[in-house]
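Here, each number is a calculation from the coordinates, and none is a lab measurement. All of these numbers come straight from a predicted model, not from anything done at the bench. Virtual Cβ from ideal backbone geometry, glycine too; neighbours counted across all protein chains shown.
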Amino acid sequence: GTIFLSPSLKQAGGFGCSTPAVEGKLVAVNAESGIQRWEASLGGAAPSGGFGCSGGATPVAVYGSPALFEDLVYVAGYNGKVYALNAESGALRWVYPREGNMQPIVSGVVVALDKLYFGCSDGKLYALDAATGDMLWEFTTEGKIWSTPAYDGGMLYLSSFDKKLYALNAADGTLKWEFEAEGAIIATPLVYDGTIYIGTLDRHFYAIGAANGIMKWQFQAEKWFWTRAVAFEDTVYVGCFDNKVYALNALSGEKITDFDLGGPVRSWPVLDEDRVLFATEEGKIYAIDTANNQLGLFADLAETIYAPLSLSEGVLYVYTQSQNLHAFNATSGVKLWVQPIN
């Protein structure tokens, strides 16, 4: 197998300004050994705006995860361009827009129905033809979009800085419903058993009916929610910037318990059979046993983690801001290999 990743950015604190860790590129590595197969440079200057950084041309940065569909891998850059590359060779197939740049893209990309979807800092969701890169339709919100849209059953669920969650027909972008929270939303929605679960910058975590957009319940934490949640049976787990992971009853929103991880949780978690794995910014990875909600330390990398955790065929992959890719046996916690990505 192959892992596709794009070295991300170091944070200069809070939302603030971000400085590139390495020159923007997409890297393909062998999943079994970590040996690099190819890399493709994503050249160009970043447009102004987005995170509010200033100062000239910068190396291209990538905040969202790449997506693989058939023989192409897709990635969106902070320079306001989307790239489609051959998954075997890294050769560029197409770029959107072909000329010029959009506003910065923080969102990851999602592929469904032969279409590529992504949000942009200009407040729009775009749908492109996945094969050609031609623009099919767009949907306009009233705020920046940093989150990755979620696809489920022919629908797209999209959050925005305008405090709203939108449900769109994925085929043509028709609005089905919208839900307004009390604060901006930068988290990616979780769609689970007919319900949308999402946290916001108003410190609330919401459960919303996927069919009608009606709120089922809300839970308030001490700080904002950045990351996507995960669910197992009747429990939803979500990390928060108050250093905690909350285990909530999926039906009622009642707090079952919480876990203090000692640092903000920004990285997306993963579900490994009967365990949920979370990472803190400080580089500690924790495992929560879903059977008894017991917390255990999985690994301490002592390296900053912003990128989403990734799980495939029993192997946990962790990319750090030290530009190292770590691979662990997800069951035993044994480190299989570590490779520098530079």
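Remarks
- P(r), alpha carbons of the chain - 10 Å bins starting at zero, rounded %: 6, 26, 36, 27, 6, 0
- Listed values for the range 309-326 are Karplus-derived 3J(HN,Hα) couplings in whole Hz (6.51 cos²θ - 1.76 cosθ + 1.60, θ = phi - 60°), namely 5, 9, 10, 8, 6, x, 10, 9, 10, 10, 9, 10, 6, 7, 6, 10, 10, 9, and x replaces Gly and Pro.
- Each Lys and Arg contributes +1 and each Asp and Glu -1, all at the Cβ; summed about the Cα centre of the range 193-342, the dipole is approximately 320 debye.
- For LYS164, LYS335, the sequence from fewest to most other C-beta atoms within 10 Å is LYS335, LYS164.
- Neighbour count of at most 14 Cβ within 10 Å plus DSSP loop: longest GluC sites (Glu not before Pro)-free window in the chain: 100-141
- Taking every C-alpha pair closer than 8 Å and separated by at least 6 residues, the mean separation divided by the residue count of the chain gives a relative contact order of 8 percent.
- Residue exposure sequence - MET135, MET155, MET215 - by fewest surrounding Cβ within 10 Å: MET135, MET215, MET155
- Charge tally in the Cβ shell below 13 Å around ASP258, where Lys, Arg are +1 and Asp, Glu are -1, ASP258 excluded: -1
- Length released on extending from TRP217 to ALA302, taking residue separation times 0.36 nm less the Cα-Cα span: 26.9 nm
- Taking all pairs of distinct alpha-carbon atoms in the range 75-199, Kirkwood radius in angstrom: 14.6 Å
- Positive-end extreme of charge dipole, the range 193-342 - chosen from GLY333, LEU297, GLN220 (charges on Cβ): GLN220
- Charged neighbours of ALA130, selected by a Cβ distance under 14 Å, balance to -3 (K, R count +1; D, E count -1).
- For the chain, a crude dipole built from +1 on the beta carbon of Lys and Arg and -1 on the beta carbon of Asp and Glu, taken about the Cα centre, is about 680 debye to the nearest 20.
- Other residues within the sphere of radius under 13 Å centred on the Cβ of PRO97, judged by their own Cβ, net out at -1 (K and R +1, D and E -1).
- Above-threshold pairs, the threshold being 22 Å between Cα atoms, out of LYS144/LYS255; LYS176/LYS223; LYS25/LYS81: LYS144/LYS255; LYS176/LYS223
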